[in-house]
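Presented below is the structure to which this report refers.
The values are calculated or read from the model by the stated rules, or taken from the named source; none is laboratory data. None of these values were measured; they are calculated from a predicted model. Glycine also receives a Cβ, built like all others from the backbone with ideal geometry; neighbour counts cover every protein chain displayed. Keep in mind that these areas ignore ligands, DNA and RNA; they rest on the heavy atoms of the full protein, side chains included. Shrake-Rupley method; radii C 1.70, N 1.55, O 1.52, S 1.80 Å.
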Amino acid sequence: MKLTYLILPVFVAAGFPAIAEQIPLNQGHLEALDKNGDGAVSKAEYNSFADFAFEKMDRNKDSVLSPDEVDDHLIGDAFDMLDNDANGSVSEDEFLLQMNEDFATSDQDGDGVLN
Ligand SMILES: [Ca+2]
Ligand SMILES: [Ca+2]
Ligand SMILES: [Ca+2]
Ligand SMILES: [Ca+2]
């Protein structure tokens, strides 16, 4: 399975080693997301990871991500992509929207879990 490009930097945000733009999802990533150890990443597990990543990136704890907070963790033009309403900050809703799209993209067989 391929990670989509946004998920990967979020791994970086969560303390995984920095890595290049797009890599295959490896067993270590899966295990980190798979909290209950059933070998698959459910939407709930993925969402709790997304929450964690958002909080981790939001250094000043104002509940939005500024460009510098995003640039520290995400690659390329991730900020513009995340900032749907182009108001110069990324809300948690905007972030989770993109994360949900990434989940759907990664879940190629559409069964609601990544494995
Ligand atoms: Ca699981
Ligand atoms: Ca912030
Ligand atoms: Ca915004
Ligand atoms: Ca699946």
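Any idea which residue in the stretch 50-67 is nearest to Glu92 (Cα to Cα), counting only those that are open to solvent by 80 Å² or more (accessible area, probe 1.4 Å) and either within 13 Å of ligand 3 (Cβ to nearest atom) or of a type in the set (D, E, K, R) (or both)?
Taking the candidates together, the pick is Glu55.
For the stretch 75-115: of the residues being within 30 Å of Gly39 (Cα to Cα) and near ligand 3 (Cβ under 9 Å from one of its atoms), which is most open to solvent (accessible area, probe 1.4 Å)?
In this case the residue turns out to be Asp93.
From Gly88, Gly39, grab the single residue that is within 16 Å of ligand 4 (Cβ to nearest atom), on the phi > 0 side of the Ramachandran plot and out of contact with any His (no Cβ under 9 Å at 6 or more places or on another chain).
So the residue among Gly88, Gly39 that is within 16 Å of ligand 4 (Cβ to nearest atom), on the phi > 0 side of the Ramachandran plot and out of contact with any His (no Cβ under 9 Å at 6 or more places or on another chain) is Gly39.
Looking only at the stretch 73-115, which residues are over 25 Å from Arg59 (Cα atoms), touching a residue at least 40 places away in the same chain (Cβ under 8 Å) and within 14 Å of the chain's Cα centre (by Cα)?
Within the stretch 73-115, Thr105, Ser106, Leu114 meet the criteria.
So which of Ala53, Ala44 ends up being closer than 26 Å to Gly112 by Cβ and touching a residue at least 40 places away in the same chain (Cβ under 8 Å)?
Ala53
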